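One structure below.
The values are calculated or read from the model by the stated rules, or taken from the named source; none is laboratory data. Just so we're clear, the structure is a prediction, and the values are computed from it rather than from any experiment. Methodologically, a virtual Cβ is constructed for each residue, glycine included, from the backbone with ideal geometry; neighbour enumeration extends over all protein chains shown. Ligands, DNA and RNA are stripped out before the accessible areas are found, and what is left, the full protein with its side chains, is counted by its heavy atoms. Shrake-Rupley method; radii C 1.70, N 1.55, O 1.52, S 1.80 Å.
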Amino acid sequence: MRLLVVEDEPDLARQLVDALKEASYAVDVAYDGEEGHFLGDTEPYDAVVLDLGLPKMDGVTVLERWRRDGRNMPVLILTARDRWSDKVAGFDAGADDYVTKPFYVEEVLARLRALLRRSAGQASPELVYGPLRVDTRGARVTVDGNPVKLTSLEYRLLAYLMHHQGRVVSRTELVEHLYEQDFDRDSNTIEVFIGRLRKKLKVNLIQTVRGLGYCLTRPEGEQQVEVGQAGQ
Ligand code: CA
């Protein structure tokens, strides 16, 4: 999952970015409305944290322009405590949720998790697929109840596939949603991470769809007999 933070206060921006990275997200940051608008317009973010009081272009305008141009990623706005009218303007511009300053970072994290799972059509913070369970609250992964230790990037990859279960995810899409903007992206490394993930999960849950990408698939034994896969 890849996020954008648009916040002009450097300390607050750093605090948010650190906490989000710690929670295994890829995070890009913009310090003014113009840059934020540009990034949100050109990069495929899974969610955005958008401050409303921004230099160069205010947050409500940024959001209105994204929505007008069909950018429909979930957006959490940050508003000042005494400005109730900001919340109204923010929601009317297309915001999905808000947090009032000052806030606890944990609240932003929890609200983002909720936005991400709702935009993926999931109601529960625990994503389940066959024997695999991903608890997005603590980035915990288990297979048949046994904990699996993943690196931050492996977790990000698995969480993305779990949020998009039921469809094929291309390598390009994975690259765009797993890495930060200034990261030296190479879609071949996705193959390497998929390999490591398969090894760690032990069960065969990630299927390669030739020429298209990857999708989650039930391990053998749970599959329909008619599929007719013989042996191992
Ligand atoms: Ca501000």
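Quick notes on this structure:
- Amide H contacts under 5 Å for residue 95, placed H, 5+ residues apart: none
- Counting heavy atoms of the protein chains alone, residue 184 has an accessible area of about 130 Å² for a 1.4 Å probe.
- Equivalent ellipsoid, the chain (semi-axes from 5 times Cα gyration tensor eigenvalues, Å): 35, 17, 16
- Listed residues 143, 50, 29: farthest to the positive end of the dipole of the chain (Cβ charges): 143
- The solvent-accessible area of residue 109, taken with every protein chain present and a 1.4 Å probe, is close to 30 Å².
- Principal axis box of region 126-227, alpha-carbon based, largest edge first, Å: 44, 33, 20
- Backbone geometry of region 61-73 corresponds, through the Karplus equation with coefficients 6.51, -1.76 and 1.60 at θ = phi - 60°, to 3J(HN,Hα) couplings of 5, 4, 5, 4, 5, 4, 5, 4, 8, x, 7, 10, 5 Hz, x marking Gly and Pro.
- Helix 152-163 and the long axis of the chain differ in direction by around 80°, with both axes built from C-alpha atoms.
- Pair residue 105, residue 22: separation of 7 Å Cα→Cβ label points (nm): 0.4
- Shown is the FRET efficiency for residue 128 and residue 56, computed with R0 = 45 Å from the Cβ-Cβ distance and rounded to the nearest 0.05: 0.55.
- Couplings 3J(HN,Hα) for region 3-13, derived from phi with the Karplus relation 6.51 cos²θ - 1.76 cosθ + 1.60 (θ = phi - 60°), are 10, 10, 10, 10, 7, 8, 7, x, 5, 5, 4 Hz, where x marks Gly and Pro.
- Square roots of 5 times each gyration tensor eigenvalue, C-alpha, region 1-40, largest first, Å: 17, 13, 4
- Projecting the Cα atoms of 132, 100, 79 onto the charge dipole of region 1-146, computed from C-beta unit charges around the Cα centre, puts 132 farthest toward the positive end.
- Residues of type lysines that residue 101 reaches as a straight line, Cα spacing below 24 Å, ignoring anything fewer than 8 places off in the same chain: 21, 56, 87
- With all protein chains in place and a 1.4 Å probe, the accessible surface of the chain carries 47 percent carbon and sulfur.
- Largest accessible area first, the listed residues 210, 137 line up as 210, 137 when surface is computed with a 1.4 Å probe on the assembled protein chains.
- Evaluating 6.51 cos²θ - 1.76 cosθ + 1.60 at θ = phi - 60° for every residue in region 143-150, the Karplus couplings come out as 10, 6, x, 8, x, 10, 8, 10 Hz, glycine and proline recorded as x.
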